[in-house]
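The structure appears right after this line, and notes come after that.
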Amino acid sequence: MTSPPRLPVLAGLPLAVGAGLAIPVQGRINGALGARLNDGIAAAVVSFSTGLLVMILISLVLPRGRAGLAAILPAVRTRAFPRIYVLAGAIGALFVFAQSFTVGLLGVALFTVATVTGQTVSGLLVDRLGIGPAGKKSVTGIRIIGCVLTIAAVAWAVSPRFSGGGAGTGADPAALLVPLLLPVAAGFLMSFQQAMNGTATVHYGTPIAATLVNFVAGTIVLWAAFAVKLAVAGPGNPLPADWWYYLGGPMGCVFIGLGALLVRSLGVLVTGLGMIAGQLLGSLALDLVLPAPGTVVAPATVLGTLLTLGAIILATLPWPRGALRGRRPVG
């Protein structure tokens, strides 16, 4: 078994940010496809299915992909890692469900804050438990402060959308509590997904195999849900002919594969924070270059994004032990 090499933080963190850039692009594409089909579940099925086809093609064409493909069954059969890890892709399906069923009720801003909060908290927990391939990482005061600042900065960056007429604006807080738990849970589980994928990558020898297994599990879950939806509500609109509607799946291949590769070097928390930064930067770039109707880039969005980058640097830098406690008195 040949494990992927570890990367230094200065090389891995920009890759995590780059992976995060693909997330808002995928969200914009899948959102447009869902609106075109008038069916959010169908759009998720299309996204996962096209991603699965891409990963099958990569696994068959690239030598590294074929080697990883051959390593999947032996690793699972010999219990090189808990077998439940092969179901990590179901967490991605849950995230898509959360998008489909709660964004319309909560609004994009509240959904983003909820998922980032869940992911940041669980990133600390997963690193502390040592579930990922990077092993245990201490929960230091600096890391906690960086996480709290990240959540606050993301809330600030998306705050202009709270007053933008979203579905969650002005709603009864008590009525939002239950639907708010779903994106928090989806975000919380995303760190576990990254840890599971990273561990599987070490044993497969390549993130290509881990990404393929993710798409297999997620596609199965979503097709099952789509079958139930068809039986209850019938089909939506026919598939569009425009090619760009089918790029959501390949975008998912990018950030799932890079996430699986990077958690071994950076740990789950730093990988997740880097992706959050990329997600905000990508959203800001989309709003500037290809704005959706009614989009306004407010100063809070720009400043909140910059504060997020600062908070992530704070949580990432190798601060000396006891940095928050100050120097101990001598003698």
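The values are calculated or read from the model by the stated rules, or taken from the named source; none is laboratory data. The structure displayed is predicted, hence computed values, not measured ones. Glycine gets a Cβ as well: all are built from the backbone with ideal geometry, and neighbour counts include every protein chain shown. When the accessible area is computed, the model is the full protein with side chains, heavy atoms only, and any ligands, DNA or RNA have been set aside. Shrake-Rupley method; radii C 1.70, N 1.55, O 1.52, S 1.80 Å.
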- Message: Could you list, ordered by first residue, the pairs with Cβ atoms under 9 Å in which the first is in the stretch 178-191 and assigned to a helix (DSSP H, G or I) and the second is of a type in the set (D, E), at least 6 apart or interchain?
- Response: S191/D127
- Task: Within the stretch 235-272, work out how many residues are assigned to a loop (DSSP other than H, G, I, E, B), over 29 Å from G205 (Cα atoms) and either touching a helix residue (DSSP H, G or I) at 6+ places or on another chain (Cβ under 7 Å) or at pLDDT 90 or above (or both).
- Result: 7
- Out of T140, T169, T199, T150, which single residue is polar (S, T, N, Q), modelled with pLDDT of 75 or more and farther than 26 Å from G310 by Cα? T199
- Residues R64, R6, R28: which one is open to solvent by 70 Å² or more (accessible area, probe 1.4 Å) and at pLDDT 90 or above? R64
- Query: If you go through the stretch 280-296, how many residues are modelled with pLDDT of 75 or more and either open to solvent by less than 60 Å² (accessible area, probe 1.4 Å) or within 22 Å of L13 (Cβ to Cβ) (or both)?
  - Reply: 8
- Task: Pull up the stretch 205-259, narrow it to residues that are among the polar types (S, T, N, Q) and under 14 Å from the mean Cα position of the chain (by Cα), then point me to the one that is farthest from I41 (Cα to Cα).
- Result: T211
- Query: Among the residues of the stretch 200-211, is any farther than 28 Å from A134 by Cα, out of contact with any Phe, Trp or Tyr (no Cβ under 7 Å at 6 or more places or on another chain) and surrounded by fewer than 23 Cβ atoms within 10 Å (Cβ to Cβ)?
  - Reply: no
- Can we say G92 is part of a helix (DSSP H, G or I) and open to solvent by less than 50 Å² (accessible area, probe 1.4 Å)? yes
- Which listed residue, of T120, T115, is buried (at least 16 other Cβ atoms within 10 Å of the Cβ) and in contact with a Cys (Cβ under 6 Å, 6 or more places away or on another chain): T120
- Do we have F192 as within 16 Å of M275 (Cβ to Cβ), of a type in the set (F, W, Y) and under 18 Å from the mean Cα position of the chain (by Cα) here? yes
